[in-house]
Amino acid sequence: TLYSLVGGQWFGNSYTYTAFNPASELAVMQTPSNGSMLSGNSQAFTWSAGSGATAYWMDIGSTLGGNDIYQSGNLGTALSTTVNTLPANGSQIYVTLYSLVSGQWLYNQYTYTSGP
């Protein structure tokens, strides 16, 4: 309620707002499942559509938030991409799945173990 003092009296106007929850707007990785071991150098990644997302982008790095292994570029509304440049050495790899929501790139992060 926003109050204004007018002529020595307080008058109020009430307003209602809905909090923005970006988590419901973002894409969520479907396969492979978070924490799983990948097999070989090639892997298909699929995700569910974010309710407010208009485009997607995926980076893969050897460090959290990195992109030294793979950068998809803007994937538009595609809900999958296949990566053929994964290491096959048992190392941890970090996937950042971006969703374009209201002009901002927001993300979810996932961790996998590269397989033989």
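The values are calculated or read from the model by the stated rules, or taken from the named source; none is laboratory data. The structure displayed is predicted, hence computed values, not measured ones. All Cβ positions, glycine included, derive from the backbone under ideal geometry; neighbour counts span all protein chains shown. Note: areas computed on protein heavy atoms with side chains; ligands, DNA, RNA excluded. Shrake-Rupley method; radii C 1.70, N 1.55, O 1.52, S 1.80 Å.
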**Prompt:** Heavy-atom accessible area per residue, the range 27-116, 1.4 Å probe: how many Å²?
**Reply:** 48 Å²
**Prompt:** Of the accessible area of the chain, with the probe set at 1.4 angstrom, what percent is carbon plus sulfur?
**Reply:** 52 percent
**Message:** I'd like the per residue volume of the convex hull spanned by the Cα atoms of the chain, given in cubic angstrom.
**Reply:** 123 Å³
**Request:** Under a 10 Å cutoff between Cα atoms, tell me which one of Thr31, Thr46, Thr16 has the largest fluctuation in the Gaussian network model of the chain.
**Result:** Thr16
**Where chymotrypsin sites (Phe, Trp or Tyr not before Pro) fall in DSSP loop in the range 17-116, at most 11 other Cβ within 10 Å** = Tyr17, Phe20
**Message:** I need the phi-derived Karplus couplings for the range 62-68: 6.51 cos²θ - 1.76 cosθ + 1.60, θ = phi - 60°, integer Hz, Gly and Pro marked x.
**Reply:** 7, 10, 4, x, x, 9, 6
**Message:** Sequence gap at least 6, Cα distance under 8 Å: using those rules, report the relative contact order of the range 8-116 to the nearest whole percent.
**Reply:** 31 percent
